[in-house]
Amino acid sequence: MSDYTISLVPKVSRYVFDEVVVNDILKWLVSKDIVKAELSHCILGNLGYAISDGAQYIVSEPQFLPYQLDTNGLEITTERTVFDTGQNGIDRIICPSCTENIVDNEWDLDSWCQGFTNNLLCPICSTESEIQQYVFEPQWGFCNIGFTFWNWPELKPEFIVELQEKLNCDLAVVRSHI
């Protein structure tokens, strides 16, 4: 069996936040009993917040919640990250300037990852545009904060909207298969 994730990522390259924002979101999730308050080894490679009983209220199919799996928690990322689709790949990257699909061309995320720019240079029209203006199919996310749910079924749209309101910005929903 392989793992999969759903990441909720602000659609801004640099989300202005501090630890208070992250702590407030975590407190909110704990108060709703969605995740446990203590860090544990419930995600791959890092510490995360394990699933709790209230998770059943924020997913479309609660019968598929991964209570029995070791990898079943929430990972909160607080550094500039590309939230990609893993083995789900990428089919299209549409440039906002020339509207061409650049997926088969040489495009480079290094400058974005290192924080030198929030832009991506189109290898076809040579126009630099903010990375959030490109259309990635399937959806990718680019931000310095993100919330990744490991092995959870689809999240309810109402939950995503509620988190958007708490963060005061739109969210990309990135599904990854590892």
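Structure values in brief
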quantity	calculated
Residue in segment 138-155 that is modelled with pLDDT of 95 or more, in contact with an Asp or Glu (Cβ under 7 Å, 6 or more places away or on another chain) and among the hydrophobic types (A, V, I, L, M, F, W, C) present	yes
Residue tally, condition more than 19 Å from SER52 (Cα to Cα), in contact (Cβ under 8 Å) with a residue 40 or more places away in the chain and in a helix (DSSP H, G or I), over segment 142-178	2
Selection count, segment 1-52, where residues are under 25 Å from THR85 (Cα atoms), touching a helix residue (DSSP H, G or I) at 6+ places or on another chain (Cβ under 8 Å) and in a helix (DSSP H, G or I)	1
Segment 107-116, residues that are under 18 Å from PHE83 (Cβ atoms) and either exposed (fewer than 14 other Cβ atoms within 10 Å of the Cβ) or over 18 Å from the mean Cα position of the chain (by Cα) (or both)	TRP107, ASP108, LEU109, ASP110, SER111, CYS113, GLN114, GLY115
Residues satisfying the stated conditions in segment 47-89, i.e. within 30 Å of ASP104 (Cβ to Cβ) and of a type outside the set (Lys, Arg)	THR77, GLU79, THR81, VAL82, PHE83, ASP84, THR85, GLY86, GLN87, ASN88, GLY89
Number of the exception - ASP104 against (1) surrounded by 14 or more Cβ atoms within 10 Å (Cβ to Cβ); (2) at pLDDT 95 or above; (3) not in a strand (DSSP E or B)	(1)
Within segment 153-178, considering residues that are closer than 18 Å to THR5 by Cβ and touching a helix residue (DSSP H, G or I) at 6+ places or on another chain (Cβ under 7 Å), the one surrounded by the fewest Cβ atoms within 10 Å (Cβ to Cβ)	VAL173
Top-ranked residue of segment 57-84 - restricted to ones that are in contact (Cβ under 8 Å) with a residue 24 or more places away in the chain and aromatic (Phe, Trp, Tyr), ranked as surrounded by the fewest Cβ atoms within 10 Å (Cβ to Cβ)	PHE64
Cβ pairs under 7 Å, 6+ apart, first in segment 11-27 and modelled with pLDDT of 90 or more, second basic (Lys, Arg) and in a helix (DSSP H, G or I)	ILE25/LYS166
Residue satisfying all of: in segment 42-56; without any contact (Cβ under 8 Å) to a residue 60 or more places away in the chain and touching a Gly at 6+ places or on another chain (Cβ under 8 Å); nearest to GLY115 (Cα to Cα) among these	TYR49
Residue match in segment 86-108 (condition: under 26 Å from VAL16 (Cβ atoms), of a type outside the set (A, V, I, L, M) and in contact (Cβ under 8 Å) with a residue 60 or more places away in the chain)	no
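The values are calculated or read from the model by the stated rules, or taken from the named source; none is laboratory data. In this text the structure is predicted, and so the values were computed from the model without any measurement. Cβ atoms come from the backbone with ideal geometry, glycine included; neighbour counts cover every protein chain shown.
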